[in-house]
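Reading through the structure tokens given below for one structure.
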Amino acid sequence: MQKKRFSISTIPYIIIAIFIMLTLPTGWIYDLKAGTGTAQGQKTTQAVQQIFRQEDIQHLFYTNTPATVKGNNIVSCPLARLRDVEQKGIHYQRVRHTTRKVYISEYITTHYPPHHVENIFQKIISSGTYNRYHLIELPDGNWLCVYFDDYLALIRADNYPTGYIRYTTTTERNMLNQMAQYYTVDTVYMLDMYQYGKVNGIFDIVLRFIVLVVVIVIVVTIQDVLQKQKAK
């Protein structure tokens with residue numbers, strides 16, 4: 001029996017599959033049911049205070065006031081965090097008769113300014129499994145570290161969800177100490193606007209696979225229609 005050779009025509013399908021399974025932003029789907037209000041990750045209301053100055057940050061922290069920012073002058077930071085933090089740690093996978101141990105890190109760090117390869121790598125994984133941290137410029141010219149669903153940065157959103165000022169973790173503070181060499185940013189506080197728990201890692205993989213099947217069916221259908229038109 002003659003083996004089928006690899007066809008160049010299959011390359012686009014492989015690229016589509018890799019893109020969808022690794023990088024397709026799905027956060028906007030979960031945000032459709034987030035609603036409007038003062039809970040973290042929701043669309044803002046008039047009760048949510050906009051941050052204008054760096055001096056506002058500490059007051060918002062101590063009063064636990066819901067806050068947000070506006071503007072699209074943002075800078076990506078050399079740090080990304082796992083979207084579904086419950087997936088972090090050691091996992092065991094059974095492959096045939098062998099058990100493999102896989103470690104999933106909560107954070108992924110890179111250099112700043114990032115190397116070209118690191119920049120590509122972080123962009124590929126950030127939209128799928130991890131969210132990057134960003135700095136956003138405040139009206140007073142200072143910068144604030146923010147954390148939200150990464151698709152908002154991809155679409156260059158001007159309005160962001162409701163968030164709360166919190167202390168930075170050790171990993172976040174180490175990253176911000178690095179960024180403070182280039183930007184006037186507070187390394188102690190950050191604005192967290194991400195709705196934790198909205199993404200389930202397993203469900204997200206299933207969702208991506210469904211989208212993958214739908215896209216491939218559409219592409220194959222279009223391809224067949226074009227071939228039939230050429231044959232006429």
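The values are calculated or read from the model by the stated rules, or taken from the named source; none is laboratory data. Note that this is a predicted model, so its numbers are computed, not measured. Don't worry about glycine lacking a Cβ; one is built from the backbone with ideal geometry, like all the others, and counts go over all protein chains shown. Ligands, DNA and RNA are stripped out before the accessible areas are found, and what is left, the full protein with its side chains, is counted by its heavy atoms. Shrake-Rupley method; radii C 1.70, N 1.55, O 1.52, S 1.80 Å.
When you restrict to C-alpha pairs under 8 Å that are six or more residues apart and normalise by the size of region 61-113, the relative contact order lands at 36 percent.
Ranking Leu82, Leu154 from most to least accessible surface, computed with a 1.4 Å probe over the protein chains only, gives Leu154, Leu82. Per-residue accessible area (protein heavy atoms, 1.4 Å probe) orders Asp149, Asp186 as Asp186, Asp149, starting from the largest. Each peptide in 35-47, 63-75, 159-171 gets a packing score, the mean of other Cβ atoms within 10 Å over its residues, and the list from highest to lowest is 159-171, 63-75, 35-47.
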